[in-house]
1. Restricting to segment 308-346, and then to whatever is in a loop (DSSP other than H, G, I, E, B) and among the acidic types (D, E), can you tell me which residue is nearest to V210 (Cα to Cα)?
2. Pick from G287, G353: which is among the small types (G, A, S), over 22 Å from Y227 (Cα atoms) and assigned to a loop (DSSP other than H, G, I, E, B)?
3. Would you please list the contacts, defined by Cβ atoms under 7 Å and residues six or more apart or on different chains, that run from a residue in segment 345-369 that is over 18 Å from T21 (Cα atoms) to a residue that is of a type in the set (D, E, K, R) and crowded, with 19+ Cβ neighbours inside 10 Å?
4. What about V365, is it aliphatic (A, V, I, L, M), modelled with pLDDT of 95 or more and assigned by TED's automatic domain parsing to the domain that holds S191?
5. Which residues, taken from segment 112-162, are over 21 Å from L96 (Cβ atoms), touching a residue at least 60 places away in the same chain (Cβ under 8 Å) and hydrophobic (A, V, I, L, M, F, W, C)?
6. Out of segment 167-185, which residues are buried (at least 19 other Cβ atoms within 10 Å of the Cβ) and out of contact with any Leu (no Cβ under 8 Å at 6 or more places or on another chain)?
7. Taking the condition on the phi < 0 side of the Ramachandran plot and more than 22 Å from the chain's Cα centre (by Cα), does V23 pass?
8. Conditions: (1) surrounded by fewer than 21 Cβ atoms within 10 Å (Cβ to Cβ); (2) small (G, A, S); (3) in contact with a helix residue (DSSP H, G or I) (Cβ under 8 Å, 6 or more places away or on another chain); (4) modelled with pLDDT of 95 or more. A76 meets all but one. Number of the miss?
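The values are calculated or read from the model by the stated rules, or taken from the named source; none is laboratory data. Keep in mind that this is a model prediction, so the values were computed, not measured. Positions of Cβ are generated from backbone atoms using ideal geometry, with glycine treated the same way; all protein chains shown enter the neighbour counts.
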Amino acid sequence: MYRSVAIITHEFAPFAGGIATYVKEVATVLVERGVPVEIIAPYYEGGEENSQVFPVVRALTHHRLSPSAVVKALRAILCHPKDCFLHAADIRAALLLLLVRLLSGRRYGVMIHGSEVSKLTGRGIGSLVARIAYQKADVIFANSQSTLSIFEQNVGKQVPGRVSYLGIEARWFDRHLDAFERSDLEQLAASFPYFCTVARIERRKGQDQVIRAMAAWSCEERARVAYVVAGPVIDEAYRAELAMLAEELGVKTIFTGLLSENDLKTLYRKSVCHVLPALPLEGKMEGFGFVSLEAGAQDAPSVANRTGGIPEVVLDQISGILVDVGDIVGLSIALKDMLTDRVRRNELGKAAGLQAVRFTWKACVEKTYKDIVSLGELSH
């Protein structure tokens with residue numbers, strides 16, 4: 001058993017990303033369970049959010065391996081005693097820990113989130129070294145069985161793998177606000193039932209699939225409902241395509257940009273349902289589908305594509321409805337059923353809430369670190 005943990009990550013607060021959230025929540029639970037933790041993270045200009053719960057060493061560069069950062073990080077990692085477990089939270093961290101292993105023989109584990117698996121399948125020197133970094137690990141952590149299966153198909157099964165589903169923080173279940181902070185959204189909710197998709201605006205998130213599905217309805221049906229797309233614009237060209245498509249097909253579509261957490265909760269709660277039409281594009285996959293848990297925490301069921309780890313989060317016909325990728329007719333029917341059958345929608349929404357409760361960071365930590373560190377009882 002190891003006595004402490006060092007998590008190496010190329011994404012951390014104040015950057016708001018999925019890996020950053022994963023590292024912060026896992027480290028918080030470890031400390032609550034009596035395990036000393038240190039985070040080795042990137043430096044960000046313009047301010048750093050350092051934790052009072054665990055130390056954060058700012059030695060890396062965001063999403064990039066620079067020579068100076070490698071030297072700083074190696075110094076920080078190698079100063080840890082041998083009874084400290086080294087945990088790589090991303091592919092670049094795995095490369096760093098491969099170096100550590102070559103230099104010192106230290107053992108380590110690596111987390112896989114989904115899309116990085118594509119970087120391990122190429123024939124170039126970079127892909128080869130990355131594969132070696134994972135193959136030299138002592139354990140692979142995965143956010144879903146789907147992610148682990150794809151990894152094993154592409155990289156091999158020589159390293160033991162374990163699935164440790166991500167958790168959802170208790171605050172996502174709060175429902176103390178009955179209105180939007182943004183007046184335009186409050187006015188919309190008072191005027192139209194709406195579907196929502198909370199995701200980055202990029203092609204693999206498939207928002208165009210929803211617009212095309214709604215366009216299959218009659219003009220009268222389309223006029224009575226709206227589609228709300230919430231999230232940052234990653235692909236400006238795709239954003240322009242979505243706006244043009246919605247106008248051409250007569251689907252009322254609202255792009256909100258980033259929303260406050262309170263407005264996100266309200267968006268989920270007041271929606272007909274959440275829609276996650278993710279597409280398995282080359283080099284990209286939906287490893288987990290975390291937003292469906294956020295929606296479920298507000299009793300909002302999801303209609304989602306059957307791809308990646310989504311079916312492990314959205315239970316078909318229990319906490320939502322799954323459709324095959326590219327099945328626009330099936331998606332159109334599922335959305336209309338959600339819109340017109342309030343009783344069924346409420347049943348699915350309540351089940352989505354119960355499903356969300358099952359995914360906790362405590363469970364994630366217990367599955368990740370079983371047989372690795374001794375986890376005491378929660379300190380509060």
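1. Checked segment 308-346; the qualifying residue nearest to V210 (Cα to Cα) is D327.
2. None of the other options fit; the residue is G287.
3. G349/D299; K350/D299; A352/D299; G353/D299
4. Spelling it out, it is not the case that V365 is aliphatic (A, V, I, L, M), modelled with pLDDT of 95 or more and assigned by TED's automatic domain parsing to the domain that holds S191.
5. Matches in segment 112-162: I150 only.
6. Quick first cut of segment 167-185, residues buried (at least 19 other Cβ atoms within 10 Å of the Cβ) only: 167-168, 180, 185.
G167 - this is the single residue of segment 167-185 that is buried (at least 19 other Cβ atoms within 10 Å of the Cβ) and out of contact with any Leu (no Cβ under 8 Å at 6 or more places or on another chain).
7. The answer is no for V23.
8. Condition (3) is where A76 drops out.
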